[in-house]
Amino acid sequence: MEDMIKKIIEIDNRAFEQKLATEKRIKENERKLKEVYADMEKEIMQKAKEEAEKKYEEEMAKFTKVINEIKEQGDQEIKKLEAQFNVIHEKLSESLFKEIFELS
């Protein structure tokens with residue numbers, strides 16, 4: 001009978017130790033999962049940031065190109081207007097000069 005009680009106590013002790021070991025493994029697995037989750041979250045955030053920066057740079061390059069094209073068109077238009085102004089100015093100057101000397 002005493003042997004039976006010892007065996008029951010021994011089985012109970014092993015079960016308790018097994019329970020503690022299982023709880024320890026569960027806690028360790030939870031810790032590892034949290035670590036993996038944090039690493040994945042960090043990696044996803046970094047990738048999203050890099051993609052956003054890349055998209056920003058692409059959009060800024062497009063924007064800069066459009067701005068430069070508009071500026072170039074404006075510069076060309078100004079040159080055309082200046083050329084037209086110079087032609088008109090020259091004609092008016094000649095016309096005025098002739099009128100002044102013809103009246104004299």
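Test of understanding: in a Gaussian network model of the chain with alpha carbons linked when under 10 Å, which of ILE67, ILE88, ILE78 would top the mean-square fluctuation ranking?
It is ILE88.
What per residue convex hull volume, in Å³, do the alpha-carbon atoms of the range 52-104 yield?
Per-residue hull volume (Cα only) is 38 Å³.
How big is the dipole moment of the chain about its Cα centre under a simple scheme where the beta carbon of each Lys and Arg is +1, that of each Asp and Glu is -1, and everything else is neutral? Debye, nearest 20, please.
Roughly 640 debye, rounded to the nearest 20.
Taking Cα atoms of the chain, Rg/Rh with Kirkwood Rh, to two decimals?
Result for the chain is an Rg/Rh of 1.91.
Is it possible to state the helix-based mean residue ellipticity at 222 nm for the chain, with each DSSP H run of 4+ residues giving -39500 (n - 2.57), the sum divided by total residues, to the nearest 500 deg cm²/dmol? What is it?
-38000 deg cm²/dmol
No value in this document is a laboratory result; all are computed from the given coordinates. Everything numeric in this text was worked out from a predicted model, so none of it was measured. All Cβ positions, glycine included, derive from the backbone under ideal geometry; neighbour counts span all protein chains shown.
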